[in-house]
1. Give me the residue from segment 155-179 that is within 27 Å of residue 227 (Cα to Cα) and at pLDDT below 95 and, out of that set, surrounded by the fewest Cβ atoms within 10 Å (Cβ to Cβ).
2. Across segment 30-58, which residue is modelled with the highest pLDDT among those that are assigned to a loop (DSSP other than H, G, I, E, B) and exposed (fewer than 15 other Cβ atoms within 10 Å of the Cβ)?
3. Among (1) at pLDDT 90 or above; (2) under 21 Å from the mean Cα position of the chain (by Cα), there is one condition residue 61 misses while meeting the rest; what is its number?
4. Which residues, taken from segment 98-121, are under 24 Å from residue 201 (Cα atoms) and crowded, with 18+ Cβ neighbours inside 10 Å?
5. Select from segment 79-97 the residues that are surrounded by fewer than 17 Cβ atoms within 10 Å (Cβ to Cβ) and assigned to a helix (DSSP H, G or I) and list them in ascending order.
6. Please name all residue pairs, on different chains or six or more residues apart, with Cβ atoms under 9 Å, provided the first residue is in segment 268-281 and is in contact (Cβ under 8 Å) with a residue 24 or more places away in the chain and the second residue is surrounded by 10 or more Cβ atoms within 10 Å (Cβ to Cβ) and not in a helix (DSSP H, G or I).
7. (1) more than 17 Å from the chain's Cα centre (by Cα); (2) over 24 Å from residue 276 (Cβ atoms): which one isn't true of residue 150, the others all being true?
8. Restricting to segment 137-154, and then to whatever is touching a helix residue (DSSP H, G or I) at 6+ places or on another chain (Cβ under 8 Å) and not in a helix (DSSP H, G or I), can you tell me which residue is modelled with the lowest pLDDT?
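The values are calculated or read from the model by the stated rules, or taken from the named source; none is laboratory data. It should be emphasised that the depicted structure is a prediction, and the values quoted were computed from it without experimental measurement. Neighbour counts run over all protein chains shown; Cβ positions are idealised from the backbone, glycine included.
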């Protein structure tokens with residue numbers, strides 16, 4: 001019996017610790033951070049080397065670069081949830097963590113600590129990387145506090161940050177090339193499309209707090225009219241990459257089946273979409289296209 005009384009506090013403290021860790025990993029969107037690491041690793045190994053060179057991923061400087069990006073991305077997710085407590089209580093009540101599982105003050109401290117770490121690590125690498133990281137920190141703060149409530153501004157900010165996540169690897173290596181720029185454009189367009197789709201999903205909560213997002217200002221039909229040309233440009237980019245003279249047969253087949261075909265399906269589903277669940281499906285399909293597009297780097301050269 002005495003053993004039981006001594007064990008219970010330990011088990012309870014272990015449960016609390018595991019709950020806190022789980023809440024923090026959810027707060028910083030751990031799966032998304034894994035995707036960030038994968039994206040930068042593929043740029044480093046596949047786009048900045050002749051052939052595929054995984055040894056480049058093991059370089060300490062690249063590890064610092066990726067860690068700095070992860071810190072800034074995690075800080076961005078935290079500050080976004082910090083400002084969106086009331087909106088998320090309407091749009092995604094089950095996913096509200098700040099103010100419940102994690103105290104607001106601790107969330108803000110974690111944001112500041114991660115932001116500082118990201119910029120400091122960038123400064124240890126090079127001035128250009130530090131400036132890119134600092135710009136990302138400021139844009140993420142501005143996005144969470146103000147830009148996301150403005151017509152298209154927040155969408156474009158996130159799309160630019162998605163592109164910069166790939167470009168910073170090439171900037172640090174001083175090896176910016178057309179292939180990397182092409183993937184940065186891919187990241188920009190697919191992120192812009194997803195951000196607008198997410199705004200449609202979140203219309204109810206956003207409208208309650210005077211957000212001026214595209215679907216709230218123009219309505220669903222006109223939002224679709226904005227999305228159509230953006231998706232058309234995205235498809236043109238995909239077609240240009242598929243039928244470029246330097247691409248291999250395997251790259252062409254991969255892109256047509258796993259990137260281009262789902263993108264065309266996304267456009268068809270968008271034309272028919274008129275309910276929230278339709279746009280939830282489109283958002284998930286967008287994630288799939290994002291993942292398969294990133295993995296195509298394995299065959300890009």
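1. Going through segment 155-179, the residues within 27 Å of residue 227 (Cα to Cα) turn out to be 155-167, 178-179.
Filter once more, so that each one left must be at pLDDT below 95: 178-179.
Details: 178: 10, 179: 19.
Among those that are within 27 Å of residue 227 (Cα to Cα) and at pLDDT below 95, it is 178.
2. If we filter segment 30-58 for residues that are assigned to a loop (DSSP other than H, G, I, E, B), which is where we start, we get 48-53.
After this cut, where a residue has to be exposed (fewer than 15 other Cβ atoms within 10 Å of the Cβ) as well, the list is 50-51, 53.
On the way: 50: 78, 51: 78, 53: 86.
This residue is 53.
3. Checking residue 61 against (1) at pLDDT 90 or above; (2) under 21 Å from the mean Cα position of the chain (by Cα), the one that fails is (2).
4. The first filter runs over segment 98-121 and keeps only residues under 24 Å from residue 201 (Cα atoms), leaving 98-100.
The one that is under 24 Å from residue 201 (Cα atoms) and crowded, with 18+ Cβ neighbours inside 10 Å: 98.
5. Residues satisfying the conditions are 85, 86, 89, 90, 93, 94, 95.
6. If the second residue must be surrounded by 10 or more Cβ atoms within 10 Å (Cβ to Cβ) and not in a helix (DSSP H, G or I), the pairs left are 279/273.
7. (2)
8. Restricting attention to segment 137-154, the residues satisfying the condition of being touching a helix residue (DSSP H, G or I) at 6+ places or on another chain (Cβ under 8 Å) are 137, 139-145, 147-149, 151-154.
Pick out the ones that are also not in a helix (DSSP H, G or I) and you get 151-152.
On the way: 151: 91, 152: 94.
Among residues in segment 137-154 that are touching a helix residue (DSSP H, G or I) at 6+ places or on another chain (Cβ under 8 Å) and not in a helix (DSSP H, G or I), the one modelled with the lowest pLDDT is 151.
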